[in-house]
Amino acid sequence: MSEPRVIYEPIRVEDVPGSDARLEVRVDASVGCRNLEQRLLHVGPGGHAEAHQADSEDVLFVIGGGGALRFGGHVAALEPRSGVVVPADTPYRIDAGPDGVHLLSVLSPQPGRPGSVPAADAPPPDGDPVREGDQEVIAAGDDASIDYMDRWFRVLADPSHGARFVTQFVGYIGHSRAPEHVHTYEEVIYIVDGDGLVHIGETHPLRPGTSIYLPPGAPHCLENPHSNRVLALVGVFCPAGSPKERRPASG
């Protein structure tokens, strides 16, 4: 069984051939992940990057900067804190604006590896980015015995947005520590803002740029020990579902 991992540095760094981009792989099969590959893509000011994932859908999140994404006749504006789904076997091009663009990319299934999760029934992506600020704020749980007012999320991609394998969400943690819990899905997390702690048997610090891999059934919880700032993260999990799905680690 795979073990949860906290990753502070890239597994590998690659220059993207024929482009002005650098790719950092943060989570892949080498850490035990079966269905997801988490990467960071940096495209310099005015630069571009082209890609074609033959077998994997690519779920993107704009961490910073901006530009345009072109695929299948669509042109999507890349704005900070927005997400977009690029279907498998679809060539695409990213054109960075004057400040460059910094993207979180999660592929599923992993390139060249058969996934263990069947594809969901989903319409083709429409090519329009989903802006974080336009999405419903949802409490992270509905257990009446637990105060979830300090933990909430917004969904940016799931089968309703054309993602066949994953759900992508932005999560926020105020001054709180959730009870230790488990999920049935496999998940990768990237810390966008703030700092805190993750408890996975051992306790590890979190800061912007930290990646976390959580295999199915791994007991864990995230904690924000600060009362004056929010911990913000992007999570992607497979198979697609609700970020609220959980059960107590003891159950």
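Summary of computed values
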quantity: Highest-fluctuation residue, GLY100, GLY73, GLY44 considered, GNM on the chain with Cα pairs under 10 Å; calculated: GLY73
quantity: Filtered GluC sites (Glu not before Pro), the stretch 83-192: DSSP coil and at most 10 other beta carbons within 10 Å; calculated: GLU136
quantity: ARG70 paired with ARG93, simple spin-label distance in nm, labels 7 Å along Cα-to-beta-carbon; calculated: 0.3
quantity: Potential extension, GLU14-GLU50 segment - 0.36 nm per residue separation minus Cα distance; calculated: 11.6 nm
quantity: Among 206-212, 222-228, the order from most to least packed when residues are scored by Cβ within 10 Å on average; calculated: 206-212, 222-228
quantity: Options (1) 31; (2) 24; (3) 10 - which one matches percent of Cα pairs over 35 Å apart as calculated here; calculated: (3)
quantity: For the stretch 123-235: relative contact order, % (alpha-carbon pairs under 8 angstrom, 6 or more apart); calculated: 26
quantity: Charge context of ILE200, other residues only, Cβ under 9 angstrom, K/R +1, D/E -1; calculated: -1
quantity: Approximate spin-label separation GLU3-ARG177, in nm, with each point projected 7 Å along Cα-to-Cβ; calculated: 2.2
quantity: Extension gain (nm, one decimal) between ASP126 and GLU79, 0.36 nm per residue minus Cα-Cα; calculated: 15.3 nm
quantity: Span from the the stretch 12-73 Cα centroid across to the the stretch 175-251 one, whole angstrom; calculated: 23
quantity: GLU202-GLU245 pseudo-label distance in nm [points 7 Å out on the Cα-to-Cβ vector]; calculated: 3.0
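Since every read-out is calculated from the coordinates, none of them should be taken as a lab result. This is a predicted model, so every value here is computed, not measured. A quick note on method: Cβ atoms are made from the backbone with ideal geometry, for glycine too, and the neighbour counts reach across all protein chains shown.
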